[in-house]
Every structure is written in structure tokens, then in C-alpha cells.
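*Asks:* I'd like to ask some things about the structure below.
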Amino acid sequence: MKELSSAERRALRSRAHALHPIVMIGSAGLTPAVLREIDLALKNHELIKIRMLGEEREAREQAMERICESLDANAVQMIGKILVVHRPAPEPEAPPAPRPARTETRRTKGKPQKRGKPQKNAKSHKRRREYGR
């Protein structure tokens, strides 16, 4: 993965400011299951925060290096127990070709039918009015 310039890193830090940690690394450390979860989070979000619980600074730095090397990601920032990692999303695949438009139109016999309530018979309606029904 290419190194981030200071301007890119600054922009990513500002985007990450409002984020909450998605992955938490506990006392078991950086296990393959945790790496898999970080990989899934990076696929979905590109930029994530990771919280490491109860580790020393050197262990956090080593974990950050290991995450970045194994997942082909960039380290953006490390403040206390919070790690910020970025990996650009892969280019989306080309959308499928649009279907050709239908050339035939559906034809109905006679007048086109209106949808909705059927029309009342005018004669029966008049009769009801005459007889008071």
C-alpha cells in the first residue's frame, strides 16, 4: 500500500473524528478472527477506528503494523488505545449492460379500459332515484 501524504492523512483524520470504534481487540490480542473482522469492516467502511484494551504502547504499535501489513491498509492515526486504519475500496465492477427496450406494445380490443370503480348503469341509477331507493 502506498504511503499517505500529510494532506491525505489530515483529511482522513478529520473524517475519522466522528467515528466510533467498530472493532475491539481484547486480552487475546490480534487473533485471525479479529483480523477477519477488521478486513470485513474495511471492505464496508474504508476508514475505521479500532480500540485496543489493556495493551502497552509498543504492543499497540506492533499490532498496528501487523494489521496494515496483513490487510494492505494504511495507518492513519494512533491516539492512546484508539487506532485509525484506512484502506481504499476496490473499484466497482462495471454495471451490466442495460436491457434493450421492448418494441412491441400490447394492444387491447376496442376502447382502453379505465381502472378503478366500474361505471354504474345510468338507467338503473335513474330508476332508484324515481322510486326513492
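*Asks:* Given the structure, is I82 within 14 Å of I25 (Cβ to Cβ), among the β-branched types (V, I, T) and touching a helix residue (DSSP H, G or I) at 6+ places or on another chain (Cβ under 6 Å)? Give the steps one after another, and end with the answer.
*Replies:* On the way: within 14 Å of I25 (Cβ to Cβ): yes; among the β-branched types (V, I, T): yes; touching a helix residue (DSSP H, G or I) at 6+ places or on another chain (Cβ under 6 Å): no.
The answer is no for I82.
*Asks:* Spot the failing condition for A16; the list is (1) exposed (fewer than 15 other Cβ atoms within 10 Å of the Cβ); (2) in contact with a strand residue (DSSP E or B) (Cβ under 8 Å, 6 or more places away or on another chain); (3) not acidic (D, E), and only one is missed.
*Replies:* With (1) exposed (fewer than 15 other Cβ atoms within 10 Å of the Cβ); (2) in contact with a strand residue (DSSP E or B) (Cβ under 8 Å, 6 or more places away or on another chain); (3) not acidic (D, E) applied to A16, the lone miss is (1).
*Asks:* Residues in the range 53-62: is at least one farther than 23 Å from R10 by Cβ and of a type in the set (A, V, I, L, M)?
*Replies:* Yes - at least one qualifying residue is present in the range 53-62.
*Asks:* On to the next question. Being crowded, with 17+ Cβ neighbours inside 10 Å and without any contact (Cβ under 8 Å) to a residue 24 or more places away in the chain narrows it down to one of A94, A41, so name that one.
*Replies:* Values: A94 fails: crowded, with 17+ Cβ neighbours inside 10 Å.
Testing whether each residue is crowded, with 17+ Cβ neighbours inside 10 Å and without any contact (Cβ under 8 Å) to a residue 24 or more places away in the chain leaves just A41.
*Asks:* Here is a further query. If E55 satisfies all but one of (1) touching a residue at least 60 places away in the same chain (Cβ under 8 Å); (2) surrounded by 17 or more Cβ atoms within 10 Å (Cβ to Cβ), what's the number of the condition it fails?
*Replies:* (1)
Every number in this text was worked out from the coordinates using simple rules, so none of it is lab data. Please read all numbers here as calculations on a predicted model, not as lab measurements. No Cβ is skipped: glycine too gets one built from the backbone with ideal geometry, and neighbour counts run over all protein chains shown.
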